[in-house]
1. Return yes or no: is L75 at pLDDT below 75 and either hydrophobic (A, V, I, L, M, F, W, C) or within 26 Å of C123 (Cβ to Cβ) (or both)?
2. Is it true that some residue in region 96-114 is without any contact (Cβ under 8 Å) to a residue 12 or more places away in the chain and open to solvent by less than 40 Å² (accessible area, probe 1.4 Å)?
3. When L346 is evaluated against the numbered criteria (1) in a helix (DSSP H, G or I); (2) of a type outside the set (K, R); (3) open to solvent by 40 Å² or more (accessible area, probe 1.4 Å); (4) modelled with pLDDT of 95 or more, which criterion, by number, is the only one it fails?
4. Listed residues I135, I168; which is open to solvent by less than 50 Å² (accessible area, probe 1.4 Å) and in contact (Cβ under 8 Å) with a residue 24 or more places away in the chain?
5. So which residues in region 8-37 are more than 23 Å from R70 (Cβ to Cβ) and open to solvent by 100 Å² or more (accessible area, probe 1.4 Å)?
6. For the list (1) assigned to a helix (DSSP H, G or I); (2) surrounded by fewer than 16 Cβ atoms within 10 Å (Cβ to Cβ), I need the number of the one condition that T270 fails.
7. Out of (1) open to solvent by 20 Å² or more (accessible area, probe 1.4 Å); (2) touching a residue at least 24 places away in the same chain (Cβ under 8 Å); (3) within 20 Å of L232 (Cα to Cα); (4) over 14 Å from the mean Cα position of the chain (by Cα), what's the single condition that is false for V202?
8. Just for helices (runs of 4 or more DSSP H) wholly inside region 157-237: which have at least 2 residues that are among the aromatic types (F, W, Y)?
Amino acid sequence: MDLHITIWQISLVLAAVSPVVMMVLVVNRIFYIRLRQNRLARADELTMKVLTYLDDEDMDEAWFDSLRGRDKKLLGSLAGDLLRLVRGDNRKTLINLLRHLDTVDRQIMVLIKGNQRDRITACANLAHFDDEKVINILTKTLDDKDFDVRISAARSLADLGRIPSVDILISKLDASTGLRSRALGNLFRDLGQAAVPELTAVAADIDQPEQFRILAINALGQIGDYAAIDPLIELANDPRLEIRAAVYRSLAVLSHPVVSSVLPAGLRDTSWEVRTQAAFCAGRVGALNVVPILIKMLADNIWWVRYRAGEALYAMGDVGLEMLQVVAKEQTLAGESAGMILAEKLPAAE
C-alpha cells in the first residue's frame, strides 16, 4: 500500500513539474531565437558599415575603434564572408582594417577555445592572413582531435600555400570513412600542380594504404597536369584492381592521345571494374586503335562493361556509330547492346 502511495505522490510531483520545465524550455528557445536575430541584424549593420568604409575616403578607422569587444569579435567572425565580397585595393584595405582590429589574434583565440563550428570558421578566416603566427597555429591544429577542424586547418594552409607536405597531411588526416576520404581527396586536388610530384610519389608507393594511393591518383587526374600521365601509365599494371581502375579513371579525365597506347591492356583486364573504366577512358580519348576490342566487349558478360563499350564507340563519331549500326543488326548479345546504345543516344542527338 505504501508503495502505491509513493508512486502516486511521485506522479503528482512530475505532473506539477512538467509544465514548469516546458515553460523554461519555451522561454529558453524564445531567448535563443531573439539573440540569434539580434546577432544577424548586427552582423548586417557591421557589414554595411565596412562596405561604406571601403567606398568612402572620408571615413576613417576611428568608428571601428569605438566598437565594443563583442562587435569586434563578431566582425572577426565575418572576415571570410567580407573578404569574399571585395577584390583588388578594397581587399587590401579590408585586410588592413581587420588587422587593426586585432582580428587575427581574436580568431586564433576562437580557434583555441571555441566550439567546433566556430573553430572551423576561424580556420577559414585565418586563411586570409599570411602571418607566421597564423601558419604556426594552423599547423598545430593539424593535430586537433576533431577531424573537421583538422581538415579545415589543412585547407587554410593549402590556400596560403603553406602545406608542410602531402605525407604530413596523410599522417594527420585519417580518411577511414567515406566523407573523410572525400574531404581529403578534394584537398589533394586543390593543392594544384605544385603537389604533383608528391602526389605521384604517394600513388606509386606500394607501402601506402590503398585508399591514400587512390586519392592521390584521382587528384592527379583532376589537377590536369600532363606531367602525371607517364607515372599513371606505369601504374596501369599494378596488382591491385582498385589502383588500376583509378588509373584509367584519371587518364580519362586527362584525355591525352598518348593514353591510347595503354588502353588495350585495360580493355582486356581480368577485372570487370578495370575494363569498365578503360572503356570509358577510350571514349574520352577517342582511341580509334581499340575499336575492334570495344566491339568484342559489346558481348562481355558484365552489363556495365557492355554499356561503357557501347558509349565509347558512340563517342568516337562516325566510325563508332557505323560499327554500332552494323553490330545492332545481329541477333546476339553484342547486337542487343549496340541497339540499346543507339536507342538511347540517337534521339538525343536528333
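The values are calculated or read from the model by the stated rules, or taken from the named source; none is laboratory data. Nothing here was measured: the structure is a model prediction, and the numbers come from that model. With ideal geometry, Cβ positions are generated from the backbone for all residues, glycine too; neighbour counts draw on all protein chains shown. The protein model used for the area step is the full one, side chains on, heavy atoms only, and it has no ligands, DNA or RNA in it. Shrake-Rupley method; radii C 1.70, N 1.55, O 1.52, S 1.80 Å.
1. On the way: at pLDDT below 75: no; either hydrophobic (A, V, I, L, M, F, W, C) or within 26 Å of C123 (Cβ to Cβ) (or both): yes.
No, not satisfied.
2. Yes, there is a match, as at least one residue in region 96-114 is without any contact (Cβ under 8 Å) to a residue 12 or more places away in the chain and open to solvent by less than 40 Å² (accessible area, probe 1.4 Å).
3. Condition (4) is where L346 drops out.
4. Values: I168 fails: open to solvent by less than 50 Å² (accessible area, probe 1.4 Å).
Criteria check complete, one pass: I135.
5. Step one: filter region 8-37 for residues more than 23 Å from R70 (Cβ to Cβ), giving 8-26.
The answer is W8, Q9, L14, M22, M23, L25.
6. So the condition that T270 fails would be (1).
7. (1)
8. On the way: elements: 166-172, 178-190, 196-204, 210-223, 229-234.
Of the helices (runs of 4 or more DSSP H) lying wholly inside region 157-237, none has at least 2 residues that are among the aromatic types (F, W, Y).
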